[in-house]
1. Within region 13-58, take every residue that is farther than 21 Å from GLY127 by Cα and of a type in the set (Val, Ile, Thr) and give me the one that is surrounded by the fewest Cβ atoms within 10 Å (Cβ to Cβ).
2. Does region 142-157 contain any residue that is under 16 Å from ALA40 (Cβ atoms) and not β-branched (Val, Ile, Thr)?
3. Filter region 116-160 for residues that are acidic (Asp, Glu) and free of Cβ contacts under 8 Å to residues at least 24 places away in the same chain; which is surrounded by the fewest Cβ atoms within 10 Å (Cβ to Cβ)?
4. Being of a type in the set (Gly, Ala, Ser) and modelled with pLDDT of 95 or more narrows it down to one residue among ALA135, ALA81; which is it?
Amino acid sequence: MSVGYRDGFLAHGEISYAGHNAVARAREAARIVRERLTLAAIPVTEARYDLIGLDAVHRGAGAGARVSVEAGAGAGAGAGASAEVGAVPAVDQGEVRLRVAARTDALVQARRVGREVAALWLNGPYGGAGVTRDARENIAIASALLPREAVAPAVSLQEA
């Protein structure tokens, strides 16, 4: 048996950095968002800060990157574990895209995560561009086994 259930809200925001020190600027942007969410006491239950083009697929494999998944309940994005940013690579990337993804309990909180990423245009490291953001409800699924005796097979047709 599979059951769908409401499992909070998912938010994400992205911003691109290109040129000299792009990776360092994207890491600083991640630090700023994390700090602003903590200062605003936005209750984020999980958060992830990825540098697309550096370490988004193979975590930690890109040029010395150290971006970790945060997990844990509490106020702010800093609750649970830290999401460190690693050393700047010896050879700078030409471009990188910061993705902030988070899970919250309310849509208004999820929207705030995206707004904090969008705020980097004016209040973050120079040269950020191409901001996108989204917030939506998460419908999860859980599967379970039932004893055969607890199930009565039946078929019914309904017309609209």
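1. Per the criteria, the residue is VAL57.
2. Checking region 142-157: not a single residue is under 16 Å from ALA40 (Cβ atoms) and not β-branched (Val, Ile, Thr).
3. Taking region 116-160 and keeping what is acidic (Asp, Glu), we get 116, 134, 137, 149, 159.
Next cut, free of Cβ contacts under 8 Å to residues at least 24 places away in the same chain only: 149, 159.
Details: GLU149: 6, GLU159: 3.
Filtering region 116-160 for residues that are acidic (Asp, Glu) and free of Cβ contacts under 8 Å to residues at least 24 places away in the same chain, the one surrounded by the fewest Cβ atoms within 10 Å (Cβ to Cβ) comes out as GLU159.
4. Values: ALA81 fails: modelled with pLDDT of 95 or more.
Answer to the check: ALA135.
The values are calculated or read from the model by the stated rules, or taken from the named source; none is laboratory data. This is a predicted model, so every value here is computed, not measured. No Cβ is skipped: glycine too gets one built from the backbone with ideal geometry, and neighbour counts run over all protein chains shown.
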